[in-house]
Amino acid sequence: MSKIKINRICCIGAGYVGGPTMAMIAEKCPHIRVDVVDINEARIAAWNSSTLPVYEPGLGEIVERNRGKNLFFSTGVEDAIRDADIIFVSVGTPTKSYGLGAGRAADLCYIESSARMIAEHAKGPKIIVEKSTIPVRTAQAIATILDANSIDGQFQVLSNPEFLAEGTAMEDLAKPDRILIGGEQTEEGLAAIEALVSVYAHWVEKTNIITTNLWSSELSKLVANAFLAQRISSINSISALCEETGADVDEVARAIGMDSRIGPKFLKASVGFGGSCFQKDVLNLVYLCEQFGLPEAAEYWDQVLQVNDWQKKRFSTKIVQSLFNTAMNKRVAVLGYAFKKDTNDTRETASGYVCRDLLIEGAQVAVYDPQVSLQGMKEHLIYLGVSEDILEKQLVSCDSALEAAKGAHAIAVLTEWDEFKTLDYAAVYDSMLKPAQFFDGRNVCPHKDLKELGFDLYAIGKSDS
Ligand code: UDX
Ligand code: ADP
C-alpha cells in the first residue's frame, strides 16, 4: 500500500469545531498548510481579527501564533478545495425544523452543499473527512454525491468525529482521550485512514488512535454523547428526589462516583444540559431507532430528553412560585446565559429556556453574562419563540452581576462562570428587594453564606436550603 503524503489541509466550516481543531493541527504540524474556509464573510473577518468569533480559553494565542504562517482563514472555498490533500467537512448539522423527521432528524443540507462544492472543484485524489456530528451512514451519502457529480476527483470518505467539549476545547484537542477514525476496509480506504492517522500522530500516541469501519465510527459519536447526556438526566432525576426527601444530590453524586465502575465525571446536577450536541445527538439516536423499527429503544433514549426538559421547567416554575405565583413586572436577575462556562455559545442553553419562561410570565429579565452579547441573547430567545416586542420591553442586558441584581426580587445563577463563585453577595443582597430570593441552578455559590446573608435559597437537589 503506497503512503499518501499530506501537505495541505482544508476545512469547510469555521465554527466552534472547525476553527479550534484546525488551529491545533496547524500548531502541531508546522509543515502542513491549513486553510479554514467558510461562506460566512463576517465570521471569516472575525477569525482574521483580534476578536475571534469563538470564545475558547487558549484559542486566541494559538491562532495568533500560526495565522498567516501555516493557518489561513478565508472565503476562498473553491481554491482551498482544489489544492487540499485532505478536506475536513465541519459544517453545522442542526436538528431539522421542517418536513420529514422535523424536530428529530439532523438537517444535512450544509453537508450536502459542501459535498457538491467538493465534487465541483476537486481534481485528483482527495480524502474527505466528516467531522460534523451526523447520523450514521452520512459518509455513504457524501460518497454518493461525490461520485455522481465529480468529473475527475477520486475520493475516500472518512469519519473522524470530534469529541472536544466547548470551554476546554484546546486542552481536549491537545490531549484527546482518543482519536477515532472510521473508513472503508478496502486497500484505498485503509491508505486514507493511515494518512489521517499520520497527521494526528504528530502529537497523539498511536495507541490512542482507534481505527474502525465507517458505521462504527459514526455511531460511536452519537452513542458517546447519548451516554453523557443520560448521566446528567439520571442525576437530575435524582436531584428532584433529593429535594423531596432531604438527601443532598452532591453528596449522593460523590458517594456513587467513588465506585470506580461508575466514576465521578458528569454527575453534576444542574438546571439541565445544553450545547449544540447532546439534544441533537440524542434526537438523532431516537430517530435512528425508530427508523430501524426499534420503538422501545427509541422511547428509552427519548426519556433522557424528557427529563432534561422537565428539569428546566421545574426550575423556572420554582422561581415563579416563589414570587407568590406571579412574575409580572418583577425584576429577575439572571447570571449567565452561555450553556456552560468559558464559552460564548448559547445553543440549547438551559438559561435561554428559563429566561423564555420568565419573559412569558411578564418578568423583567436582567441578564449578565461575561461573554454573550445582548444580540446573541436576543437571537437565541427569538429562536425559542419569544416575540421581539417582549424582548424590547422586558429583556435587559447588564454589564455586571451587581447591576443585574439591583432592584431585583430574585436572582438565578444559570451558568457556572467562576466569577459567580466569589461575588460580593452581601452587596448583591443589599441591592435587591426583600425577601430576596436566590436560585442556584448550578450549585456553585456559597450556600451557607447566602443563607446567613438573609437570602431565601433554592438550589438544585437540596431540600432544606
Ligand atoms: C459535548 C461532549 O462532552 C463532547 O465530547 C462532544 O464533542 C460535544 O458535546 P459540550 O456540549 O461542548 O460537549 O460540553 P459538555 O461539557 O459536555 O457539557 C454539555 C452540557 O451538560 C452543559 O450544559 C453542561 O453544563 C452540562 N453538564 C455537564 C451538566 O449539567 N452536568 C455535568 O455533570 C456535566
Ligand atoms: P459547529 O459547532 O459544528 O462547528 P457552527 O455552526 O459553529 O457548527 O459552524 C459551522 C460553520 O459552517 C458556519 O460558520 C457556516 O457558515 C459554515 N458552513 C455551512 N455550510 C457551508 C458551506 N457549504 N461552505 C462553507 N461553509 C459552510
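Summary of computed values
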{"item": "A148-S400 FRET efficiency (beta carbon distance; Förster radius 56 Å; 0.05 resolution)", "result": "0.50"}
{"item": "Rg to Rh quotient for the chain, alpha carbon positions, Kirkwood Rh", "result": "1.00"}
{"item": "In order through the stretch 429-444: 3J(HN,Hα) via Karplus (6.51 cos²θ - 1.76 cosθ + 1.60), integer Hz, x for Gly, Pro", "result": "4, 4, 7, 9, 6, 10, x, 8, 9, 10, 10, 9, x, 10, 6, 10"}
{"item": "P(r) tail fraction, the stretch 233-318 - alpha-carbon pairs more than 23 Å apart, %", "result": "33"}
{"item": "Lysine pairs with alpha-carbon atoms under 16 Å apart, the stretch 350-465, spacing 8 or more or separate chains", "result": "7"}
{"item": "Residue-wise HN-Hα coupling along the stretch 295-305, computed from phi with Karplus coefficients 6.51, -1.76, 1.60 (Hz; x: Gly, Pro)", "result": "x, 5, 5, 4, 5, 4, 6, 4, 4, 4, 6"}
{"item": "Dipole of the stretch 275-370, positive end: most advanced residue of A338, G362, S276 [Cβ charges, Cα centre]", "result": "G362"}
{"item": "Whole-number percent relative contact order across the stretch 1-75, with pairs defined as alpha carbons under 8 Å at least 6 apart", "result": "37"}
{"item": "Rule-of-thumb Rg ratio for the stretch 77-218 [Cα; 2.2 N^0.38 Å; N residues]", "result": "1.05"}
{"item": "Candidate lysines - alpha carbon under 16 Å from K206, same-chain residues fewer than 8 apart omitted", "result": "K28, K175"}
{"item": "Over the chain, relative contact order from alpha-carbon pairs under 8 Å, at least 6 apart, %", "result": "12"}
{"item": "The chain: angle of helix 138-149 to the longest principal axis, Cα-based, in degrees nearest 10", "result": "40"}
{"item": "Heavy-atom accessible area order for Y337, Y300, largest first, 1.4 Å probe", "result": "Y300, Y337"}
{"item": "The stretch 348-378 versus the stretch 53-88: alpha-carbon centroid distance in Å", "result": "32"}
{"item": "Ranked order, H380, H202 - accessible area, probe 1.4 Å, largest first", "result": "H202, H380"}
{"item": "Residues T207 and S260, FRET efficiency given R0 of 22 Å [Cβ-Cβ distance, rounded to 0.05]", "result": "0.55"}
{"item": "Which of L323, G76, V36, positive extreme of dipole for the chain (C-beta unit charges)", "result": "V36"}
{"item": "As computed over the stretch 121-169, the Cα convex hull volume per residue (Å³)", "result": "85"}
{"item": "Under the Debye formula (equal points on every Cα, no solvent term), log10 I(q)/I(0) of the stretch 155-209 at q = 0.14, 0.15, 0.19, 0.22 Å⁻¹", "result": "-0.39, -0.45, -0.67, -0.83"}
{"item": "Net length gained if the chain between E188 and E64 were fully extended (0.36 nm per residue, minus Cα distance)", "result": "41.0 nm"}
{"item": "Nearest-ten-degree value, helix 109-121 long axis tilted from longest Cα axis of the chain", "result": "20"}
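The values are calculated or read from the model by the stated rules, or taken from the named source; none is laboratory data. Note that this is a predicted model, so its numbers are computed, not measured. Neighbour counts are summed over all protein chains in view; Cβ atoms, including those assigned to glycine, are modelled from backbone coordinates with ideal geometry. In case anyone asks, the SASA skips ligands and DNA or RNA and just uses the protein heavy atoms, side chains included. Shrake-Rupley method; radii C 1.70, N 1.55, O 1.52, S 1.80 Å.
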